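Below: the structure, in structure tokens.
The values are calculated or read from the model by the stated rules, or taken from the named source; none is laboratory data. Only a predicted model underlies this, so the values are computations on that prediction, with no experimental measurement involved. Positions of Cβ are generated from backbone atoms using ideal geometry, with glycine treated the same way; all protein chains shown enter the neighbour counts.
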Amino acid sequence: MKVLKFGGTSVGTSERLKALMPIVNKDEPIIVVLSAMAGTTNSLFEIAENLRKDKKQIAEKIIQKLEENYSQIVSKLFKSETFLKKGNELILSHFNYIKSFTKKSFTIHQEKAILAQGELLSTALFHFLLEEEKIQSILLPALNFMRIDRGAEPDEYYIQENLKRELQKYPNEKLFITQGYICRNAFGEIDNLKRGGSDYTASLIGAAINADEVQIWTDIDGFHNGDPRYVDNTSVIRELSFEEAAELAYFGAKILHPSSVRPCKDLGIPVRLKNTMNSSDEGTIIKSTSNGKEIKAIAAKDNITTIKIKSGRMLLAYGFLRKVFEVFEIYKTPVDVITTSEVAVSVTIDNCDHLGCIRDELSRYGTVEVVEDQSIICVVGDFIAERKGLARRIFNALADIPIRMISYGGSDHNVTLLVKQDDKVKALQLLNENLFTNE
Ligand code: ADP
Ligand code: ASP
Ligand code: MG
């Protein structure tokens with residue numbers, strides 16, 4: 001069985017939804033995971049935010065505009081009166097539900113319920129479309145099997161057991177559709193896997209059913225060696241290892257949700273990135289091993305804060321680093337990059353929710369310096385010690401950019417640098433020109 005996930009642009013218009021039919025209508029068994037139509041989750045966020053701030057009229061306007069968009073989509077999507085009626089009724093019920101929140105006081109759980117409407121709509125519309133075209137499919141409600149635990153991590157045992165139970169109800173079916181992104185939490189309330197989370201849903205489903213392959217269909221022909229949003233002349237990479245892809249996704253390559261590689265990596269399930277607008281292209285394959293090109297790709301992540309703890313007395317003493325890291329553990333704040341010297345340790349974080357408390361606690365161990373608005377640049381490739389000169393090429397390329405931290409040797413496949421956020425685009429362009437274009 002394969003899992004095919006289609007992102008927002010791939011389901012973004014009635015034409016795009018229709019174009020998916022030949023891709024999913026195959027003889028082999030498939031689970032299709034859909035995102036919300038492009039722009040919908042952003043609008044739902046705006047609606048929720050305005051309701052939270054008690055700006056009901058603004059929320060109502062956004063709801064009305066979104067509802068009109070969906071009415072237009074329905075009018076272009078279906079041919080028959082029966083399905084036009086079904087589509088319109090579907091929209092009415094979802095938008096009446098969203099509107100019901102403008103009439104009562106607003107809580108965080110309601111926000112999550114609003115955010116879930118995008119994926120519920122896209123999957124229901126696609127299911128109707130297949131039905132109208134007489135392509136048999138089953139709509140599996142993700143809220144019946146996708147679940148996160150108390151720590152907001154996927155409950156993989158629950159997902160596996162409950163998805164299997166759902167699938168067993170339909171032993172003779174081969175085409176299933178479900179929602180990406182949405183899930184329930186440990187208390188049974190509607191929740192989600194964070195922005196871009198449909199990739200994660202696909203990977204978790206792939207692992208739960210031990211799929212032959214997980215395919216992430218998007219608006220670009222695979223994983224590029226640089227971020228096409230900031231750099232011209234990037235090119236597609238045909239093969240990546242799980243480690244390389246995970247590193248790039250975690251450090252900002254938007255094409256994949258940061259956590260989405262891990263479930264497939266654990267079971268060795270290949271992940272293929274494909275372009276919905278160019279479906280015959282092979283795309284990028286992510287698997288256990290990859291061909292060993294020296295430097296493969298560069299990604300960057302913004303909104304990074306560095307924290308430096310300086311203490312001449314304590315660094316050489318046993319347990320100094322443990323005490324420092326315990327502070328981050330207590331405040332559930334992951335540390336990304338670490339560098340140390342004899343008198344100081346610097347770390348980066350991207351979640352500043354508890355920055356004040358972290359700073360206060362760390363000051364017990366030394367002088368604390370915080371710098372905000374930094375970017376991590378992650379260069380991924382094959383950096384095994386024998387390959388000389390790779391680091392020199394990176395630093396030559398960045399000769400004119402001030403670098404605040406460097407992490408090299410933590411693994412065989414990445415070098416991580418920290419620059420000011422304002423220097424990020426320039427740094428990415430210089431690296432692309434010097435490492436790839438002039439090759
Ligand atoms: P979807 O809605 O299908 O999930 P996303 O917008 O989340 O699509 O991801 C695809 C986008 O990721 C591309 O359009 C591209 O702009 C961006 N992107 C960032 N880094 C990369 C990269 N290294 N390779 C390919 N695309 C990238
Ligand atoms: N619709 C969600 C979002 O926009 C999830 C996704 O598209 O992956 O973040
Ligand atoms: Mg995405």
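Suppose we filter 173, 244, 166 for residues that are of a type in the set (Asp, Glu), assigned to a helix (DSSP H, G or I) and surrounded by fewer than 21 Cβ atoms within 10 Å (Cβ to Cβ); which single one remains?
On the way: 173 fails: assigned to a helix (DSSP H, G or I); 244 fails: surrounded by fewer than 21 Cβ atoms within 10 Å (Cβ to Cβ).
It is 166.
Please state which one of 182, 177 is within 16 Å of ligand 1 (Cβ to nearest atom), more than 30 Å from residue 423 (Cβ to Cβ) and in contact with a strand residue (DSSP E or B) (Cβ under 6 Å, 6 or more places away or on another chain).
Details: 177 fails: within 16 Å of ligand 1 (Cβ to nearest atom).
After applying the criteria, what remains is 182.
Those residues that are within 16 Å of ligand 3 (Cβ to nearest atom) and on the phi > 0 side of the Ramachandran plot, I need them from the range 191-215; list them, please.
Hits for the range 191-215 are 194, 196.
For the range 90-129, give me the residue count where each residue is among the charged types (D, E, K, R) and within 28 Å of residue 174 (Cβ to Cβ). Spell out the reasoning first.
Initial filter on the range 90-129 (among the charged types (D, E, K, R)): 99, 103-104, 111-112, 119.
Checking the rest, the ones that are also within 28 Å of residue 174 (Cβ to Cβ) come to 119.
Total meeting the criteria: 1.
Considering only residues that are away from ligand 2 (no atom under 16 Å from the Cβ), assigned to a helix (DSSP H, G or I) and not charged (D, E, K, R), which ones fall in the range 22-66?
Within the range 22-66, 22, 23, 24, 50, 51, 57, 58, 59, 63, 64 qualify.
Counting just the residues of the range 6-19 that are part of a helix (DSSP H, G or I), of a type outside the set (Lys, Arg) and within 16 Å of ligand 3 (Cβ to nearest atom), which one comes out surrounded by the fewest Cβ atoms within 10 Å (Cβ to Cβ)? Show your work before the answer.
Going residue by residue through the range 6-19, those that are part of a helix (DSSP H, G or I) are 9-11, 14-19.
Keeping just the survivors that are of a type outside the set (Lys, Arg) gives 9-11, 14-15, 17, 19.
From what is left, the residues that are within 16 Å of ligand 3 (Cβ to nearest atom) are 9-11.
On the way: 9: 18, 10: 27, 11: 27.
Per the criteria, the residue is 9.
State all residues of the range 101-121 that are within 16 Å of ligand 3 (Cβ to nearest atom) and within 17 Å of residue 62 (Cα to Cα); if no residue qualifies, say none. So that I can check it myself, show each step before the final result.
Here is the first cut: in the range 101-121, the ones within 16 Å of ligand 3 (Cβ to nearest atom) are 115, 118-119.
Of everything in the range 101-121, those that are within 16 Å of ligand 3 (Cβ to nearest atom) and within 17 Å of residue 62 (Cα to Cα) turn out to be 115, 118.
Any idea which of 286, 307, 269 is more than 16 Å from ligand 1 (Cβ to nearest atom), closer than 30 Å to residue 395 by Cβ and surrounded by 22 or more Cβ atoms within 10 Å (Cβ to Cβ)? First the steps, then the outcome.
Numbers: 286 fails: more than 16 Å from ligand 1 (Cβ to nearest atom); 269 fails: closer than 30 Å to residue 395 by Cβ.
Going through 286, 307, 269 in turn, just one is more than 16 Å from ligand 1 (Cβ to nearest atom), closer than 30 Å to residue 395 by Cβ and surrounded by 22 or more Cβ atoms within 10 Å (Cβ to Cβ): 307.
Does residue 100 qualify as being small (Gly, Ala, Ser) and surrounded by 13 or more Cβ atoms within 10 Å (Cβ to Cβ)? Lay out the reasoning, then the answer.
Numbers: small (Gly, Ala, Ser): yes; surrounded by 13 or more Cβ atoms within 10 Å (Cβ to Cβ): no.
No, not satisfied.
For the condition exposed (fewer than 14 other Cβ atoms within 10 Å of the Cβ) and in contact (Cβ under 8 Å) with a residue 24 or more places away in the chain, what is the one hit in 339, 333, 367, 348?
Values: 339 fails: exposed (fewer than 14 other Cβ atoms within 10 Å of the Cβ); 333 fails: exposed (fewer than 14 other Cβ atoms within 10 Å of the Cβ); 348 fails: exposed (fewer than 14 other Cβ atoms within 10 Å of the Cβ).
Result of the check over 339, 333, 367, 348: 367.
Could you count how many residues in the range 393-415 are of a type outside the set (Ser, Thr, Tyr), closer than 20 Å to residue 248 by Cα and out of contact with any strand residue (DSSP E or B) (no Cβ under 9 Å at 6 or more places or on another chain)?
2
Could you identify the single residue in 239, 213, 189 that is more than 16 Å from ligand 2 (Cβ to nearest atom), under 18 Å from residue 297 (Cβ atoms), of a type in the set (Asp, Glu) and surrounded by fewer than 24 Cβ atoms within 10 Å (Cβ to Cβ)? It would help to see each step written out before you state the result.
Numbers: 213 fails: under 18 Å from residue 297 (Cβ atoms); 189 fails: under 18 Å from residue 297 (Cβ atoms).
After applying the criteria, what remains is 239.
For a quick check of your reading of the model, give me the residue pairs whose first member lies in the range 177-204 and is under 20 Å from residue 45 (Cβ atoms), whose second is among the polar types (S, T, N, Q) and more than 16 Å from ligand 1 (Cβ to nearest atom), with beta-carbon atoms closer than 7 Å and at least 6 apart or on different chains.
From residues that are under 20 Å from residue 45 (Cβ atoms), the pairs are 191/185.
Test residue 373 against the stated conditions and say whether it is at pLDDT 95 or above and either more than 24 Å from the chain's Cα centre (by Cα) or of a type in the set (Asp, Glu) (or both). Break it down into steps so the answer makes sense when it comes.
Details: at pLDDT 95 or above: yes; either more than 24 Å from the chain's Cα centre (by Cα) or of a type in the set (Asp, Glu) (or both): yes.
Yes; evaluated as a whole, the condition is true for this residue.
When you check residue 221 against the structure, is it charged (D, E, K, R) and either modelled with pLDDT under 95 or within 28 Å of residue 374 (Cα to Cα) (or both), yes or no? Can you show your working first?
Values: charged (D, E, K, R): yes; either modelled with pLDDT under 95 or within 28 Å of residue 374 (Cα to Cα) (or both): no.
The answer is no for residue 221.
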